[in-house]
Amino acid sequence: MNLQPWMIPEHLAPGDARSLEGDWADMELHRITSPEDPFFSQAFGALSAEFGDAGEMEQDSVIARRMQWLPEQMINGASMQYALQLVTRRGEFVAVRDHTVIILESEPRAVVHLSHNLVAPEWRRSGIAGWMRALPVATAMDSIQTLRLPSASPVTLVGEMEHFDPTRSATLVRLTAYEKAGFKMVDPELVSYLQPDFRDPAEIDISSGPQPLPLTLMLRRMGREAEGFVSGAEIFHNVKALYKMYASEFRSADMYQVYESLKNYPAAGARIPLKPPTAR
């Protein structure tokens, strides 16, 4: 194996073991911490081109603010660390992803919001996607170490995905990839998750107001990937962490609907089934 130092086998998802077999010579990981970074335009530009038109990508000003977060600084009772990471090979674009680690002050567990993950067409099915899915684990462990929490603190990776629609090939491809990697879907019949409206505030104001986006939640619970149920309390904690992140940068009026949706979540002691991502 010719793994790079940032490729940590134990961080791979259960279904991503084949990523160990790839040719990773000359692969470089760029951890971008500022819009002034020479790789920022390449990384953000690729994500914006892929996800911006669908309203699934935040404004560059939002990303710039997230880069200022430090895990040791609490924001409204939460530690947050944002990461924008670009992989290149001999200067050519390979893949890019961004994610945020959120640790609530009240409980020593890391919730990692998986924002976006994009692999160049020529690198798809190469195994690099597995390493891109593993990168957030390292960021979570960094936050845990920075806050001096127990190294065995629970880590949950959370992805927001479109509802399953067999007629939309791109959605099916993404959900199938999550499924093969070992992620589980929170039963959308029991948890109606809403993502805040990503549009510019001025655009929201001249329209009919904020329009939250209904999505499904994908979970990888580190070390608990095989479990078929999750408690209502854990789901509430995970979503509360995501909303703490969004509330730090979105207007309170634009967060009202999503916070109201929490009132309809299952009780803390409820057992919520975890399904394959492509299940209907």
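The values are calculated or read from the model by the stated rules, or taken from the named source; none is laboratory data. Just so we're clear, the structure is a prediction, and the values are computed from it rather than from any experiment. Note that we place each Cβ from the backbone using ideal geometry, even for glycine, and neighbour counts take in every protein chain shown.
Details
- Filter pass, Leu47 being modelled with pLDDT of 95 or more, closer than 27 Å to Ala110 by Cβ and either aliphatic (A, V, I, L, M) or loosely packed, with under 13 Cβ neighbours inside 10 Å (or both): no
- Meets criteria (over 21 Å from Leu242 (Cβ atoms) and among the aliphatic types (A, V, I, L, M)) for Val173: yes
- Answer residue from the stretch 151-184, given it is within 19 Å of Leu12 (Cα to Cα) and part of a helix (DSSP H, G or I) and is modelled with the lowest pLDDT among those: Arg174
- Cβ pairs under 6 Å, 6+ apart, first in the stretch 107-126 and in a helix (DSSP H, G or I), second hydrophobic (A, V, I, L, M, F, W, C) and at pLDDT 90 or above: Trp123/Val94
- Within the stretch 54-82, the residues that satisfy the criterion of being assigned to a strand (DSSP E or B) and not aliphatic (A, V, I, L, M) are Ser79, Gln81, Tyr82.
- Residues of the stretch 225-267 that turn out to be touching a residue at least 24 places away in the same chain (Cβ under 8 Å), among the charged types (D, E, K, R) and farther than 25 Å from Pro14 by Cα, as a count: 5
- Of the residues contained in the stretch 10-29, none is found to be among the hydrophobic types (A, V, I, L, M, F, W, C), within 29 Å of Arg224 (Cα to Cα), in contact with a Lys or Arg (Cβ under 6 Å, 6 or more places away or on another chain) and at pLDDT 95 or above.
- Some residue of the stretch 83-106 being in a helix (DSSP H, G or I), at pLDDT below 95, surrounded by fewer than 17 Cβ atoms within 10 Å (Cβ to Cβ) and on the phi < 0 side of the Ramachandran plot: no
- Checked against (1) in contact with an Asp or Glu (Cβ under 7 Å, 6 or more places away or on another chain); (2) hydroxyl-bearing (Ser, Thr, Tyr); (3) under 30 Å from Tyr243 (Cβ atoms), Thr88 meets all criteria but (3).
- Evaluation of Ser41 against the conditions (1) more than 18 Å from the chain's Cα centre (by Cα); (2) at pLDDT 95 or above; (3) among the small types (Gly, Ala, Ser) shows that the sole unmet condition is (2).
- For the stretch 151-178, filtering for residues that are over 26 Å from Leu118 (Cα atoms) and surrounded by fewer than 13 Cβ atoms within 10 Å (Cβ to Cβ) leaves 2.
- Within the stretch 139-150, the set of residues being among the β-branched types (Val, Ile, Thr) and either under 15 Å from Glu10 (Cα atoms) or loosely packed, with under 15 Cβ neighbours inside 10 Å (or both) comprises Thr139 only.
- Per-region count, the stretch 254-270, residues in contact with a strand residue (DSSP E or B) (Cβ under 8 Å, 6 or more places away or on another chain), surrounded by 13 or more Cβ atoms within 10 Å (Cβ to Cβ) and not hydroxyl-bearing (Ser, Thr, Tyr): 4
- Matching strands (runs of 3 or more DSSP E) fully within the stretch 185-280 where at least 1 residues are modelled with pLDDT of 95 or more, farther than 28 Å from Gln59 by Cα and of a type in the set (Ser, Thr, Tyr): 229-231
- On the stretch given as the stretch 24-62, residues that are free of Cβ contacts under 8 Å to residues at least 24 places away in the same chain and either charged (D, E, K, R) or under 25 Å from Asp197 (Cα atoms) (or both) total 10.
- Failed item in (1) at pLDDT 95 or above; (2) part of a strand (DSSP E or B), with Ile144 passing the rest: (2)
Condition check ((1) among the hydrophobic types (A, V, I, L, M, F, W, C); (2) without any contact (Cβ under 8 Å) to a residue 60 or more places away in the chain; (3) touching an Asp or Glu at 6+ places or on another chain (Cβ under 6 Å)) across all residues:
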position	(1), (2), (3)
Val137	yes, no, no
Met141	yes, yes, no
Ser151	no, yes, no
Val173	yes, yes, no
Ser192	no, no, no
